[in-house]
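Trainee: Would you mind keeping the following structure in view while I ask a few things?
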Amino acid sequence: MKYKITLLPGDGIGPEVIAEAVRALEAVAGKFGHTFAFTERLMGGCSIDKFGSSLTDETLADCQAADAVLLGAVGGPKWDDPNAKDRPERGLLALRKGLGVFANLRPVKVHPALIDSSPLKPEKLAGVDILVVRELTGGLYFGLPKGREMKDGRERAVDTLEYYDYEIRRALNLAFKLAAERKKKVASVDKANVLESSRLWRQIAVQVGKEHPDITLEHVLVDTAAMRLITAPAHMDVIVTENMFGDILTDEASVLAGSMGMLPSASLGESGPGLYEPIHGSAPDIAGKGIANPLGAILSAALLLRYSLHLETEAAALEKAADEAIAAGARTADLGGTLTTRQMADEIIRRLS
Ligand code: NAD
């Protein structure tokens, strides 16, 4: 089969890790007889420098026309001016909107060989295998009105937490669909004791739950969820939540795995190409040194194979190769090892073939 993949390596370590993810995808293509046609485009700070825009219309059109989009990371101190006309993060939000992706999936697994890299006690970490589904397009980050004003001689700031029923329902539907292929457990996280938007969330979660009687639904308040992620993470399976709660909980969950550099993500919509990216940023402190961990990017490529190209065997083969490389002791500097980005990828790629 032939597939079109648009690459947005971005800034900092983005191009370093995406180059390795592409090599891994090429190895998968060779092994399983597929053709991946890659189109590389600028996005983020590098696009501001070249075109004066963090995401050009042409780049967005290339992404929309692809089967899937693989992104590295965007941003860095050079583009940090809060008063700048355009910022790398704006491109990211415009890309998500332009692709219509409404849910961000972050699997968090703790590899047995890396249990000691996590700040948590080893006995808490055995068997951790969580999938967080974060609503991506609604809530406090997008609701209007938003802004600042002077009122009665005082400065006032406002953000609006708004959700429509269909936005909540589609995120929950996806979470239940994914849970059906896992341990059949959904924890719907809200703050229904305080927030009206959370009460609507919970009401719809109950409705969607009734449509899936084989799946156990639990409602968890966000403060309890934050504690459980640290005290009993192995008991959690699929977690589904609104945008800001998900933003915070996914970063908390990432600590379990030991390094930011290891974790992949997928952003999916109703149809059209998915967006795949490691959860880490552009890591300006190590950019250009060739020591970034490519695992987050390579495992994002595996999610791309699974969710956008529907190549489950190929996705599982790439994940297995990564697992075996870690089990055999392959480590970049963030995991206490000495391998370069390229060497770490080599360890995975040679286990594929
Ligand atoms: P970061 O994720 O870039 O880095 C945090 C720490 O983790 C750093 O010490 C870094 O060296 C380390 N790290 C990250 N990825 C690694 C990898 N693959 N291998 C080894 N070590 C790794 O977060 P930050 O420092 O807060 O942000 C840096 C820039 O990235 C900022 O401009 C921020 O806005 C941007 N950012 C972008 C995204 C994105 O593109 N989706 C996400 C987060 C941050």
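Trainee: Any idea which residue in the stretch 106-165 is farthest from Leu303 (Cα to Cα), counting only those that are within 20 Å of the chain's Cα centre (by Cα) and charged (D, E, K, R)?
Mentor: Taking the stretch 106-165 as the starting set, the residues that turn out to be within 20 Å of the chain's Cα centre (by Cα) are 106-111, 118, 128-142.
Among the residues that remain, those that are also charged (D, E, K, R) are: 106, 109, 129, 134-135.
Numbers: Arg106: 10, Lys109: 14, Asp129: 15, Arg134: 16, Glu135: 18 Å.
Within the stretch 106-165, the match that is farthest from Leu303 (Cα to Cα) is Glu135.
Trainee: Taking the stretch 251-265, which residues are surrounded by 24 or more Cβ atoms within 10 Å (Cβ to Cβ) and in a strand (DSSP E or B)?
Mentor: Across the stretch 251-265, the qualifying residue is only Pro264.
Trainee: Scan the stretch 214-232 and give yes if some residue there is more than 11 Å from the ligand (Cβ to nearest atom), closer than 23 Å to Ala113 by Cβ and open to solvent by less than 60 Å² (accessible area, probe 1.4 Å), otherwise no.
Mentor: Looking only at the stretch 214-232, we keep the residues that are more than 11 Å from the ligand (Cβ to nearest atom), and these are 214-232.
With the extra rule that they be closer than 23 Å to Ala113 by Cβ, the set shrinks to 229-230, 232.
Subsequent filtering for residues that are open to solvent by less than 60 Å² (accessible area, probe 1.4 Å) retains 229, 232.
Yes - at least one qualifying residue is present in the stretch 214-232.
Trainee: Looking only at residues in the stretch 76-112 that are touching a strand residue (DSSP E or B) at 6+ places or on another chain (Cβ under 8 Å), within 14 Å of the ligand (Cβ to nearest atom) and outside any helix (DSSP H, G or I), which one is farthest from Ala175 (Cα to Cα)?
Mentor: Val101
Trainee: Considering every residue within the stretch 233-251, establish whether at least one is without any contact (Cβ under 8 Å) to a residue 40 or more places away in the chain, in the same structural domain as Ile5 (by TED's automatic domain parsing) and within 16 Å of the ligand (Cβ to nearest atom).
Mentor: Residues of the stretch 233-251 without any contact (Cβ under 8 Å) to a residue 40 or more places away in the chain: 235, 248, 251.
Next cut, in the same structural domain as Ile5 (by TED's automatic domain parsing) only: none.
Within the stretch 233-251, none of the residues are without any contact (Cβ under 8 Å) to a residue 40 or more places away in the chain, in the same structural domain as Ile5 (by TED's automatic domain parsing) and within 16 Å of the ligand (Cβ to nearest atom).
Trainee: Are any residues in the stretch 294-310 open to solvent by 10 Å² or more (accessible area, probe 1.4 Å) and either within 16 Å of the ligand (Cβ to nearest atom) or in a helix (DSSP H, G or I) (or both), and if so, which ones?
Mentor: Correct list: Leu299, Arg306, Tyr307, Ser308.
Trainee: Take the residues in the stretch 31-66 that are polar (S, T, N, Q) and open to solvent by 70 Å² or more (accessible area, probe 1.4 Å); name whichever of them is nearest to the ligand (Cβ to nearest atom).
Mentor: Quick first cut of the stretch 31-66, residues polar (S, T, N, Q) only: 35, 39, 47, 53-54, 56, 59, 64.
Next cut, open to solvent by 70 Å² or more (accessible area, probe 1.4 Å) only: 35, 64.
Values: Thr35: 28, Gln64: 19 Å.
Only one residue tops the list, namely Gln64.
Trainee: Would you please name the residue that is farthest from the ligand (Cβ to nearest atom), looking only at residues in the stretch 315-353 that are in contact (Cβ under 8 Å) with a residue 40 or more places away in the chain and among the β-branched types (Val, Ile, Thr)?
Mentor: Filtering first and then ranking leaves Ile349.
Trainee: In contact with an Asp or Glu (Cβ under 8 Å, 6 or more places away or on another chain) and open to solvent by 20 Å² or more (accessible area, probe 1.4 Å), is that true of Arg351?
Mentor: Values: in contact with an Asp or Glu (Cβ under 8 Å, 6 or more places away or on another chain): yes; open to solvent by 20 Å² or more (accessible area, probe 1.4 Å): yes.
For Arg351, the condition - in contact with an Asp or Glu (Cβ under 8 Å, 6 or more places away or on another chain) and open to solvent by 20 Å² or more (accessible area, probe 1.4 Å) - is met.
Trainee: Could I ask something else about it? So which of Arg41, Arg23 is closer than 16 Å to Leu303 by Cα and basic (Lys, Arg)?
Mentor: Unique residue meeting the criteria: Arg23.
Trainee: In the stretch 90-106, which residue that is open to solvent by less than 10 Å² (accessible area, probe 1.4 Å) and aliphatic (A, V, I, L, M) is nearest to Ala253 (Cα to Cα)?
Mentor: Step by step, filter the stretch 90-106, then rank; the result is Leu105.
Trainee: If Val69 passes every condition in (1) on the phi < 0 side of the Ramachandran plot; (2) surrounded by fewer than 22 Cβ atoms within 10 Å (Cβ to Cβ); (3) in contact with a strand residue (DSSP E or B) (Cβ under 7 Å, 6 or more places away or on another chain) but one, which one does it miss?
Mentor: Tallying (1) on the phi < 0 side of the Ramachandran plot; (2) surrounded by fewer than 22 Cβ atoms within 10 Å (Cβ to Cβ); (3) in contact with a strand residue (DSSP E or B) (Cβ under 7 Å, 6 or more places away or on another chain), Val69 fails exactly one: (2).
Trainee: Please find, within the stretch 280-293, the residue that is nearest to the ligand (Cβ to nearest atom) out of those that are farther than 18 Å from Arg342 by Cβ and either open to solvent by 30 Å² or more (accessible area, probe 1.4 Å) or in a helix (DSSP H, G or I) (or both).
Mentor: Gly281
The values are calculated or read from the model by the stated rules, or taken from the named source; none is laboratory data. Just so you know, these numbers come straight off a predicted model, no measurement behind them. No Cβ is skipped: glycine too gets one built from the backbone with ideal geometry, and neighbour counts run over all protein chains shown. Side chains included, ligands, DNA and RNA excluded: accessible areas come from the protein's heavy atoms. Shrake-Rupley method; radii C 1.70, N 1.55, O 1.52, S 1.80 Å.
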